[in-house]
Amino acid sequence: MILDEFYILNNGVKIPKLGLGTWLINNKIVAGVVKNAIELGYRHIDTAQAYMNEEGVGLGIRESGIKRNELFVTSKVHAGYKTYESAMDSINKSLDRLNIDYIDLMIIHAPQPWLKFRKKERFFDENIEVWRALEDAYKLGKIKAIGVSNFLEDDIQNIIDHCTIKPMINQILLHIGRYDKHLVDYCQKNDILVEAYSPIAHGKALKHKQIIAIAEKYKVTPAQLCIRYVLELNTIALPKSSNIEHMKDNAKVDFIISKSDMEKLNKINRLKYGLLKLFPVYNGK
């Protein structure tokens, strides 16, 4: 069962292959969502400073009744924090808001502040300083693993070339119709595990005719096909849902997509995100 399966990070830490994303889940209700997910068997919960729901996520974790060491909790340093001091302060505040003894994985949310995302200024020197804060928090035991998100190859190489600890994770937008094979191959070649957020394209994949047709072939839902797709790429799947029935279905992905069908899915053109284009990672860059 996928909820019992793990990858091993390059520092030896185990991370569940399927997690629960909590983006856009309000802090007032997220505790109940997290508790429901944990009751269903989820052991990997993903949040971020920018989501403004760390307090609720932490409450759900504490009220779940599950031992802390049986859960894997991720948060992210806000993309706008680009100094050692601001990053370290934010890590300590995340720990306070989550109200847990340690964070399993802390990652830099983006290589550039959101308003400058994928623009000319690259923030290489600043990201080295943020990474130094993550390394120090890691050495102090506040964090069990460290990584990045939305980083391109040269963003990652900058960290590898100038820092002492190699990233363990790169969390990226990855789904059918949005598969950057070159970036995924680069990460895997460097023993950096890839996490796929929005594996269902924030719902946009559910109405795609070819995805629906292939899902019907396997007698699964389009969402299940999308989640299985990113798992077949040897990446972590982080579907977001507050609906308990959807969370149940998202975990029923114990089937294999054939090589020929994976090739078909790889050829699907980029999906249109509609209003999500207002967010930097969905605006087509």
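The values are calculated or read from the model by the stated rules, or taken from the named source; none is laboratory data. Everything numeric here is computed off the predicted structure, so don't read it as measured data. We place every Cβ from the backbone using ideal geometry, glycine too, and count neighbours over all the protein chains shown. Just so you know, the surface numbers come from the protein's heavy atoms only, side chains and all, with ligands and any DNA or RNA stripped out. Shrake-Rupley method; radii C 1.70, N 1.55, O 1.52, S 1.80 Å.
Values as computed for the structure displayed
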item	result
Protein accessible area in the range 6-91, 1.4 Å probe - carbon and sulfur %	51 percent
Among LEU231, LEU40, LEU115, residue whose mean-square fluctuation peaks in a GNM of the chain (springs only between Cα atoms under 10 Å)	LEU115
Within the chain, percent of DSSP bridges classed antiparallel, to nearest 5	15 percent
Antiparallel content of DSSP bridges confined to the range 1-159, in %, to 5	20 percent
Pairs of lysine residues in the range 163-249 - Cα separation under 26 Å, sequence separation of 8 or more or cross-chain	25
Residues of the chain: accessible area per residue with a 1.4 Å probe, Å²	45 Å²
Under 5 Å, built H, 5+ apart or other chain: amide partners of TYR7	ILE15, LYS17
Calculated FRET value between ASN11 and GLU63, using beta carbons and R₀ = 30 Å, to 0.05	0.50
For the chain, size of Cβ-based charge dipole, Lys and Arg +1, Asp and Glu -1, in debye	1060 debye
Three-way shape call for the range 162-285 based on the alpha-carbon gyration tensor, with the a/c threshold at 1.5	prolate
Taking the range 167-283 and dividing mean pair separation by its residue count, relative contact order in percent (alpha carbons under 8 Å, at least six apart)	30 percent
Calculated from backbone phi, Karplus (6.51, -1.76, 1.60) coupling profile of the range 205-221 in Hz, x at Gly/Pro	7, 6, 10, 6, 4, 5, 5, 4, 5, 5, 4, 4, 4, 9, 6, 10, 7
Longest DSSP-loop-exposure-free segment, GluC sites (Glu not before Pro), the chain, at most 13 other Cβ within 10 Å	122-285
With every protein chain in place, the range 206-259: carbon and sulfur % of accessible area (1.4 Å)	54 percent
Sorted largest first, extent of the chain alpha carbons per principal axis (Å)	52, 45, 36
